[in-house]
Amino acid sequence: DAGVIQSPRHEVTEMGQEVTLRCKPISGHDYLFWYRQTMMRGLELLIYFNNNVPIDDSGMPEDRFSAKMPNASFSTLKIQPSEPRDSAVYFCASSSSAGPPYNEQFFGPGTRLTVL
Amino acid sequence: AQSVTQLGSHVSVSEGALVLLRCNYSSSVPPYLFWYVQYPNQGLQLLLKYTTGATLVKGINGFEAEFKKSETSFHLTKPSAHMSDAAEYFCAVSVGKAAGNKLTFGGGTRVLVKP
């Protein structure tokens with residue numbers, strides 16, 4: 001399997017622009033997670049899905065952030081409008097509830113976002 | 001709610017010396033515990049995990065961790081550090097399938113290996 005795929009790997013944009021990050025989970029996994037990593041706040045869970053349904057979005061910082069999972073093989077995290085404080089590395093991870101090694105999350109390589 | 005505390009945000013060890021990274025957790029139910037490693041500019045990779053059974057868990061790259069319920073700890077060790085161990089290490093806790101595989105991470109410990 002190719003693992004969790006994220007695109008783009010790097011994104012540089014200007015304040016006020018819309019940013020869309022993309023994720024393809026491992027085939028057959030029924031959980032998908034979006035994280036944000038910054039020096040100040042460490043690794044934060046933003047939102048997670050089970051079977052394409054958002055379960056917990058309490059970590060989404062504000063209404064400028066939205067996430068969707070239209071099907072089992074694709075998810076997006078959108079920031080509109082973007083602000084410099086959104087600069088971070090965004091990770092997507094997936095996991096399976098079907099037998100061992102359940103609970104293990106597999107991480108993508110991340111998208112490094114820079115908002116100027 | 002569960003939480004994870006990693007003691008020491010930075011650890012410096014000499015090549016060949018013992019690596020010891022400390023992790024304490026709090027959980028109201030039996031936890032599942034994980035150590036992940038993050039190399040520069042990469043995603044997180046699972047080192048090892050404790051679910052049930054044997055409390056001493058062996059992982060990849062010569063790392064191991066011991067679950068001590070009485071101390072609510074899950075410290076990570078490696079007998080002899082290698083230059084390639086320079087990375088950031090994260091301890092995480094999950095309370096199982098009922099919580100939807102959700103992980104709570106500690107703040108991370110960055111390891112520097114000196115020649």
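The values are calculated or read from the model by the stated rules, or taken from the named source; none is laboratory data. The structure displayed is predicted, hence computed values, not measured ones. Counting neighbours? That spans all protein chains shown, and the Cβs are built from the backbone with ideal geometry, glycine included. Note: accessible area is taken over every heavy atom of the protein model, side chains too, but ligands, DNA and RNA are not part of it. Shrake-Rupley method; radii C 1.70, N 1.55, O 1.52, S 1.80 Å.
Treating r as the C-beta distance of B:M83 and A:T38 and R0 as 25 Å, the FRET efficiency rounds to 0.35.
Amide H to amide H, with H built 1.01 Å from N, B:H82 comes under 5 Å of B:G16, counting only residues 5 or more places away or on other chains. The simple Förster model, with R0 at 35 Å and r as the Cβ-Cβ distance, assigns A:N52 and A:R9 a FRET efficiency of 0.90. Relative contact order, percent, of the range A:1-115 when contacts are C-alpha pairs under 8 Å separated by at least 6 residues? Value for the range A:1-115: 36 percent. Both numbers refer to the Cα atoms of chain A; Rg and Dmax are 13.6, 44 Å. Here chain A is scanned for GluC sites (Glu not before Pro) in DSSP loops (not H, G, I, E, B) that have at most 15 other Cβ atoms within 10 Å, and the longest stretch holding none of them is A:63-116. How much accessible area is lost when chains B and A come together, counting both sides, with a 1.4 Å probe, in Å² rounded to the nearest 100? By this definition, chains B and A bury close to 1800 Å². Per residue of peptide B:44-52, the mean number of Cβ atoms on other chains within 10 Å of the residue Cβ is 3.
Couplings 3J(HN,Hα) for the range A:40-56, derived from phi with the Karplus relation 6.51 cos²θ - 1.76 cosθ + 1.60 (θ = phi - 60°), are 6, 10, x, 9, 10, 7, 8, 6, 9, 10, 10, 6, 6, 9, x, 9, 8 Hz, where x marks Gly and Pro.
Among residues other than A:R22 whose Cβ falls under 13 Å from its Cβ, what is the net charge (Lys/Arg +1, Asp/Glu -1)? The answer is +3.
Computed with every protein chain present, the accessible area of A:I26 is close to 20 Å² [probe 1.4 Å].
With K and R counted +1 and D and E -1, the other residues having a Cβ less than 14 Å from that of B:V57 yield a net charge of +2. Dividing the radius of gyration of the alpha carbons in the range B:18-59 by their Kirkwood radius gives 1.00 for Rg/Rh. Within the range A:19-53, what residues put their amide N at less than 17 Å from the label point 7 Å along the Cα-to-Cβ vector of B:H10? It comes to A:39-42, nothing else. The stretch between B:N41 and B:E66 holds 6.1 nm of extra length on full extension. This uses 0.36 nm per residue minus the Cα-Cα distance.
Taking amide hydrogens as placed 1.01 Å from N in the peptide plane, the amide H of A:S97 sits under 5 Å from those of A:D30, A:Y31, each at least 5 positions away in sequence or on another chain. Heavy-atom accessible area for B:R22, with the other protein chains in place and a 1.4 Å probe, reaches approximately 100 Å².
Placing a pseudo-label 7 Å from each Cα along the Cα-to-Cβ vector at B:V29 and A:A98 gives an inter-label distance of 2.3 nm. On a per residue basis, the range B:1-98 carries 48 Å² of accessible surface, using protein heavy atoms and a 1.4 Å probe. Counted by Cβ distance under 13 Å from A:P84, the other residues give a net charge of -1, where Lys and Arg count +1 and Asp and Glu count -1. With the simple model of a label 7 Å out from the Cα in the direction of the Cβ, A:S66 to B:A1 spans 2.7 nm.
Simple spin-label estimate for B:L18 and B:R110 gives 2.6 nm between the two label positions (7 Å along the Cα-to-Cβ direction from each Cα).
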